[in-house]
1. So D:Asn103 passes all but one of these: (1) surrounded by fewer than 22 Cβ atoms within 10 Å (Cβ to Cβ); (2) farther than 15 Å from B:Gly125 by Cα; (3) more than 8 Å from every other protein chain (Cβ to nearest Cβ); (4) modelled with pLDDT of 95 or more. Which condition number does it fail?
2. Among the residues of the stretch A:99-149, what is the count of those that are at positive phi and more than 9 Å from chain C (Cβ to nearest Cβ)?
3. From B:Val250, B:Val204, grab the single residue that is crowded, with 24+ Cβ neighbours inside 10 Å, part of a helix (DSSP H, G or I) and either within 13 Å of chain A (Cβ to nearest Cβ) or at pLDDT below 95 (or both).
4. Within the stretch B:26-47, restricting attention to residues that are touching a residue at least 12 places away in the same chain (Cβ under 8 Å) and closer than 17 Å to B:Ser122 by Cβ, which residue is surrounded by the fewest Cβ atoms within 10 Å (Cβ to Cβ)?
5. Can you tell me which of (1) under 23 Å from the mean Cα position of the chain (by Cα); (2) more than 30 Å from D:Ser66 (Cβ to Cβ); (3) free of Cβ contacts under 8 Å to residues at least 24 places away in the same chain is the one B:Arg118 doesn't meet?
6. Tally up the residues in the stretch C:97-122 that are more than 7 Å from chain D (Cβ to nearest Cβ), part of a loop (DSSP other than H, G, I, E, B) and surrounded by 21 or more Cβ atoms within 10 Å (Cβ to Cβ), please.
7. Report yes if some residue within the stretch C:128-138 is in contact (Cβ under 8 Å) with a residue 60 or more places away in the chain, within 14 Å of chain A (Cβ to nearest Cβ) and in contact with a helix residue (DSSP H, G or I) (Cβ under 9 Å, 6 or more places away or on another chain); otherwise report no.
8. If a residue has to be out of contact with any strand residue (DSSP E or B) (no Cβ under 8 Å at 6 or more places or on another chain) and among the β-branched types (Val, Ile, Thr) to count, how many in the stretch B:117-145 make the cut?
Amino acid sequence: MRHRLIALALITLAPLPALAQSKPAGDIASQAEQIFRGSFRDDNPAYWMKRLDQDETMRLCSQFKDNPPARVRHKIEKAEMASIRYPVDGKLIGDWKEGEKLAAVGTGGHIGFIQPDPPGRVRGGNCYACHQLAKKEVAYGTIGPSLQHFGKLRGNTEQIIKYTYDKIYNSNAFTACTNMPRFGLHNWLTPEQITHIVAFLVDPESPVNKD
Amino acid sequence: MSARLRAALAVVGLGLASMAMAQGSTMDEIARYREMLADGNPAELLELKGESLWKTPRGPKNASLEQCDMGLGPGKLDGAYAQLPRYFADTRKVMDVESRLVHCMVSLQGFKYEDVTRQWFSRPGQESEIEALVTYIGGKSNGMKIDVPARHPEEARMAKMGEYIFYRRSGPQDFSCAICHGQDDKRIRLQELGNLTTRAGAGVAMSTWPSYRVSQGAVWTMQRRLIDCMRQARWPEPKYLSDSVIALQVYLQKTASGTVMQTPGIKR
Amino acid sequence: MNMQRREALKAGGGLGLFGLLAAAGLITPGQARAEWNKSAFDAKSIEDTLKALGATGAENSTDIQITAPDIAENGAVVPVGVVSALAGVEAIAILIEKNPNPLAASFMLPAGTEASVQTRVKMGQTSDVLAVVKVGGKFIMTKKEIKVTLGGCGG
Amino acid sequence: MADPMKIRASAKDGITEVKVLMSHEMETGQRKDSSGNLVPAHFITELSAEHNGKQVLAAQFGTAVSKNPYLAFKFKGGAKGDKLAVSWVDNKGDKRTDEVQIN
């Protein structure tokens, strides 16, 4: 009798860690989602908290660790391509000097209580964070490919201009789950601002091509 | 191969070599900049201060922190930082250095949680006791290997949740931690980025915090580092000591395990 | 530090550093000299700074070296050293051309102190850094450009 | 009260090398706080180093010296066990003296 009691006690104590270990991976995702969402202050404005929401593309990219199978990739690229919008006047190439400024600016859009951007601060494209562009800027990143001589190498045909605009507007239309943000889709840059960056990339007079 | 093609290739080769050299000298000078800073790390000032804060009886209970159990037993600090986060039976929680330190300041010294965490990081003219204490505790693991195997089921669960959060994309820039920290040999501007999914990359990152940041004029703790990454991702900031920040640390420390601690570091 | 010195330091409130140190017995009164050079530190151009230092017309010299990286990852902390093999260097000043007030620091070197100092300065932007050295009652100088770049996320 | 400095002084081949880290904000007077008000300048103005009571360096700083100032210099002489003292004073009259033995 005594032995059986001890055995029973062992059984009731032992399974707890074992159970925790055997939970399926999907359960980890829902638990993680819960602790992640629960990690933010209650007094965050609703529009801040919206930045934690995921659209279908974000959800799929996260799920496949940015390397989705071909079927998923095609689905994402097709849907993203359909999202692209153009300036009202239809002109896809703007002022490279404006584009040059936007490419260098890394501020804007920071929220939170510690170090938010002051209201009205310019939101830049921060292109140099990831790409090499004009020769004179040595502080460039390498997360994306070098875009030095972008227009010199590719020309500035209508087709190249449209491709460049589309890529900046929605990078995922070409490569699902790429590291590059979807600048137009999120209204991070306006269509007009995108045309300036297009000019910075393709205009023969721009330092991207001239130097 | 035709002579012309050979000549063309030679030109391309030269071009590439000179480009690599130009970039090489930029990175060499950055390396020189860092080398000149390394000898004379202002974090050492904070280490001194942290030691005094650790040993001085303070708070409503007029106790020092010398009986604080950072995971290796009361008062045992040598190597403790390198083995955190870990599961603590007394609180039934996986805790990182900072959550455990705050727990000790509350339970041993009698401080109110709100009071000790109010100044969890410094601002110009407003110093942070937590920064000083974490710098001191970190220094006590200098030269020791990071060892967070995450074998306890709760630790293992936190590591998996940390990995999930690492790849979780959201916000107006489609960011996740993996965007910047999921590949080898990349830079953002001139800052090299560790591939935190590998032992080498996570090792470099995790072994050098806490670190003095010259751009901030302050030592940053790992909580501060991770919370600021989320700010840069344009997300709201998670709360100090929140589970998702601890989960990320378990995932990263587990990946970095085996790397020798070199702290306090000094960074841009 | 002994108790007497500690008391002397406490009591020395209004004396300024050198009066204070003299009172503390840390330096002899003979060494107490040179008030903080307000006009040099407040000067807004290289020319005015040199004038306030009494160094107008300092000639370029290859006998001085500035030890600093060509590129600084952050302008808030830029390591700058000045070295010279010349004997009898009396003073060294570090100037940053494009800062609102160029003079960053000046050093007086008593006999026996080597012409080798290193410190860290703030630079608002890429700029020439000047080292001005007083040797044998005469001023000489050299300069070096230090580029200030952006390092991280850019925000 | 100001926090202690960290001073290292080591003698080798008849030369003593001194490295000093000071704990100080070094406010420029041009930074604005979160409410947009200028933070008044607060910086170390003068520094003096003495070896066994004899001055080996005097320095004057402006606001362009970095936060938590670092200073390294060398002088002839100095032996293990000798005293090396560094003192600073700032524009608000705060001051600090620390002393180490040369090793």
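1. Only one criterion is unmet by D:Asn103, namely (4).
2. Of the residues in the stretch A:99-149, the ones at positive phi are A:108-109, A:112, A:120, A:126, A:149.
Applying the additional criterion that residues be more than 9 Å from chain C (Cβ to nearest Cβ) yields A:112, A:120, A:149.
Total meeting the criteria: 3.
3. Values: B:Val204 fails: crowded, with 24+ Cβ neighbours inside 10 Å.
Every option except B:Val250 fails the conditions.
4. Going through the qualifying residues, I end up with B:Glu44.
5. That leaves (2) as the condition not met.
6. So the first thing to find is which residues in the stretch C:97-122 are more than 7 Å from chain D (Cβ to nearest Cβ), and the list is C:97-98, C:100, C:102, C:111, C:115.
Pick out the ones that are also part of a loop (DSSP other than H, G, I, E, B) and you get C:97-98, C:100, C:102, C:111.
Next, only the ones that are surrounded by 21 or more Cβ atoms within 10 Å (Cβ to Cβ) stay: C:102.
Looking only at that region, the number is 1.
7. Looking through the stretch C:128-138, none of the residues is in contact (Cβ under 8 Å) with a residue 60 or more places away in the chain, within 14 Å of chain A (Cβ to nearest Cβ) and in contact with a helix residue (DSSP H, G or I) (Cβ under 9 Å, 6 or more places away or on another chain).
8. 3
The values are calculated or read from the model by the stated rules, or taken from the named source; none is laboratory data. None of the values given here were measured: they were computed from a predicted structure. Cβ atoms come from the backbone with ideal geometry, glycine included; neighbour counts cover every protein chain shown.
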